[in-house]
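Some notes on the structure that comes next.
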Amino acid sequence: MTISRPEPALLPDELELAVEADERWWGGAAEDGLSMPYGGRRPFARDLGTPEGHGSRGAAPSNQSSPVLLSTHGRVVWSERPFAFAFEDGVLRLSGRDLQVSREGGSLRDAFLSASRRFFPPSGTAPARQLFAAPQYNTWIEHPYTPTQESVLRFARDLLAAGMPPGVVFIDDLWARDYGTWRFDRTRFPDPAGMIRQLHEWGCSVMLWVVPFVSPDSAAFRELERRGLLLRDRSGETAVRRWWNGFSAVLDLTDPAAVGWMTDRLDALVEETGVDGFKFDAGDVRDFRADDLTARPAEPVDLCEAWARVGLRYPFNEFRACWRMGGQPLGQRLQDKPPLWGPAGIGSLVPEMLAQGMIGHPFVCPDMIGGGEIGAMTGQEAIDQEFFVRYAQTAALSPMMQFSVLPSRVLDDVHLAAVRDALAVRASELPRLLALVDRAASTGEPIVRPMAYHADGLDDVTDQFFLGPDLIVAPVTVKGATERTVALPAGRWRSDDGSVVEGPVRVTVTCGLSRIPRFERLTGA
């Protein structure tokens, strides 16, 4: 096998664009959702090719990112390669390679549709239907690092016995003995095919957690190293990288033989056990280095993208880190969230889902209800039941809704009833949601959309969203709130309480524990 060193960097293009009056911008990285839209008074800077702390132990895991910026005045910035950008003093400064700047129309929607058509066209397909039509249930928080056949079946049985609808069960980390040894550990899963058959009989599909890492000293490691299918560092030695579970080698995802090795094992799991698909974790840009030696020339972002391409083979899929791949049938989850009120937790859900949509990812999930960051979740003394309900309400009208903590275990009757009310709201809006999933597959348009996507003058309103063109959703994300303000554009709007409001207007609505404020556009009136 030939090892390639990265090609010499081209001299960067340097561009400056004047930010027009009242112009706002979206795009770049989903994790920057709280800073979007850009172009106001606050300066902002991001290098899409080099995440903060890249190459260090302290580098944070990433979410989705893409080399695109979209303006509310119809302007588009794009490159096939990562670029750096900064907004300051009314100027957008760009540094990268082969930068393209264009304008089509005069709105954010015009900019998105132009960029989607030219740079990340929709595939025409969506991830598996059940990922949207039913809740998802992940074993991660209830059984971190300890899933067994017995505990997985009990997890699903307890959910169904509590009245939760059948859905997609995710078996998370350590169902296999080693990373890279993608076969069930038979000491903990004596009959995986029988387990999956039982889950199917209960109406649940099943997904397994996988990563591109390989445990050192395993048989898989020895085989892959012998075949030259592992990433090598600049010295030519097999690269061993630290990640949240320790130290592992990494598949060279630029090598078709390495990808084939992985998909052969995943396909065997589908064939032998009946599993429906996979949660593709890790593959962060931080896991790769610019001077790594690969089978084909690649930068860290390219290896992240290559991991996402593996998922295209499986309609049941989920990703948390992704470079580009807009318009593709991939489920994209937000970064693991701590159980916190405010911008570090629940306050980031809507802004970051909006950001995901604006970079071409419509099939999004706002992480696990109540929080998926394992250290914070296991470290809290008790579940904040109000927080759990408000999180569930935000997820209820998102494209995907994922539980990991058993609601019936941690909630009293009042709060459990509020979660069931949220599920009922989702059920009532499911025809709209599924229609939007189909439309996203054919047009690429986001399912969850910024207010500016369909309305003028609401560029900076990012704590509510359009679910499609005709429903405004304003979830409650403030602790103890009994009312909130909702911004409505021009037109007539019918509230979930039956009242009709003429816009444009800002209205204050009450928000008891079970309410998800929402307004539907009235047409032809």
Search result, residues across region 360-376 that are touching a Phe, Trp or Tyr at 6+ places or on another chain (Cβ under 9 Å) and either open to solvent by 10 Å² or more (accessible area, probe 1.4 Å) or not in a loop (DSSP other than H, G, I, E, B) (or both): Met368, Ile374
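What number of residues within region 14-38 satisfy the criterion of being of a type outside the set (Asp, Glu), open to solvent by 50 Å² or more (accessible area, probe 1.4 Å) and at pLDDT 95 or above? If you could, list the steps in order and put the result at the bottom.
Kept after step one, since they are of a type outside the set (Asp, Glu), are these residues of region 14-38: 15, 17-19, 21, 24-30, 33-38.
This time we only want the ones that are open to solvent by 50 Å² or more (accessible area, probe 1.4 Å), so: 15, 18, 21, 34.
Checking the rest, the ones that are also at pLDDT 95 or above come to 18, 21, 34.
Looking only at that region, the number is 3.
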Residues being surrounded by 19 or more Cβ atoms within 10 Å (Cβ to Cβ) and free of Cβ contacts under 8 Å to residues at least 60 places away in the same chain - total across region 196-215: 3
Exclusive hit being open to solvent by 10 Å² or more (accessible area, probe 1.4 Å) and either acidic (Asp, Glu) or part of a loop (DSSP other than H, G, I, E, B) (or both), set Gly503, Gly480, Gly491: Gly480
Output for region 423-436, where each listed residue is closer than 26 Å to Leu34 by Cβ and within 20 Å of the chain's Cα centre (by Cα): Arg426, Leu433, Leu436
Near pairs, Cβ below 6 angstrom, 6+ apart or cross-chain, from region 461-480 (free of Cβ contacts under 8 Å to residues at least 40 places away in the same chain and farther than 19 Å from Arg521 by Cβ) to any residue that is of a type outside the set (Ser, Thr, Tyr) and part of a strand (DSSP E or B): none
Lone unmet requirement of (1) touching a Cys at 6+ places or on another chain (Cβ under 6 Å); (2) open to solvent by 10 Å² or more (accessible area, probe 1.4 Å) for Met400: (2)
Residues that are surrounded by fewer than 22 Cβ atoms within 10 Å (Cβ to Cβ), under 23 Å from the mean Cα position of the chain (by Cα) and outside any strand (DSSP E or B), drawn from region 77-97: Ser79, Glu80, Arg81
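Mind telling me which of the residues Arg57, Arg41 ends up being modelled with pLDDT under 95, surrounded by fewer than 20 Cβ atoms within 10 Å (Cβ to Cβ) and within 21 Å of Asp459 (Cβ to Cβ)?
Details: Arg57 fails: within 21 Å of Asp459 (Cβ to Cβ).
Just a single option satisfies the conditions, and that option is Arg41.
On the given criteria, is Arg333 surrounded by 23 or more Cβ atoms within 10 Å (Cβ to Cβ) and out of contact with any helix residue (DSSP H, G or I) (no Cβ under 9 Å at 6 or more places or on another chain)? Lay out the reasoning, then the answer.
On the way: surrounded by 23 or more Cβ atoms within 10 Å (Cβ to Cβ): yes; out of contact with any helix residue (DSSP H, G or I) (no Cβ under 9 Å at 6 or more places or on another chain): yes.
So Arg333 passes the test.
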Selection status of Gln332, touching a Lys or Arg at 6+ places or on another chain (Cβ under 8 Å) and in contact (Cβ under 8 Å) with a residue 12 or more places away in the chain: yes
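Hey, could you check region 403-437 for residues that are among the charged types (D, E, K, R) and touching a residue at least 24 places away in the same chain (Cβ under 8 Å) and say which is surrounded by the fewest Cβ atoms within 10 Å (Cβ to Cβ)?
Selected residue: Asp412.
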Residue within region 337-359 that is under 14 Å from Ser62 (Cα atoms) and part of a loop (DSSP other than H, G, I, E, B) present: yes
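Looking only at residues in region 258-305 that are among the small types (Gly, Ala, Ser) and over 13 Å from Leu330 (Cβ atoms), which one is most open to solvent (accessible area, probe 1.4 Å)?
So the first thing to find is which residues in region 258-305 are among the small types (Gly, Ala, Ser), and the list is 258, 260, 268, 274, 277, 282-283, 290, 295, 298.
Applying the additional criterion that residues be over 13 Å from Leu330 (Cβ atoms) yields 258, 260, 268, 274, 282, 290, 295, 298.
Details: Ala258: 0, Gly260: 23, Ala268: 29, Gly274: 27, Ala282: 1, Ala290: 66, Ala295: 21, Ala298: 10 Å².
Checked region 258-305; the qualifying residue most open to solvent (accessible area, probe 1.4 Å) is Ala290.
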Filter result for Thr443 (touching a helix residue (DSSP H, G or I) at 6+ places or on another chain (Cβ under 6 Å), polar (S, T, N, Q) and in contact (Cβ under 8 Å) with a residue 12 or more places away in the chain): no
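The values are calculated or read from the model by the stated rules, or taken from the named source; none is laboratory data. These numbers were taken from a predicted model, which means no experiment stands behind them. Quick reminder, even Gly has a Cβ in these numbers, built from the backbone with ideal geometry, and neighbours come from all protein chains shown. Surface areas here come from the heavy atoms of the whole protein model, side chains and all, with no ligands, DNA or RNA. Shrake-Rupley method; radii C 1.70, N 1.55, O 1.52, S 1.80 Å.
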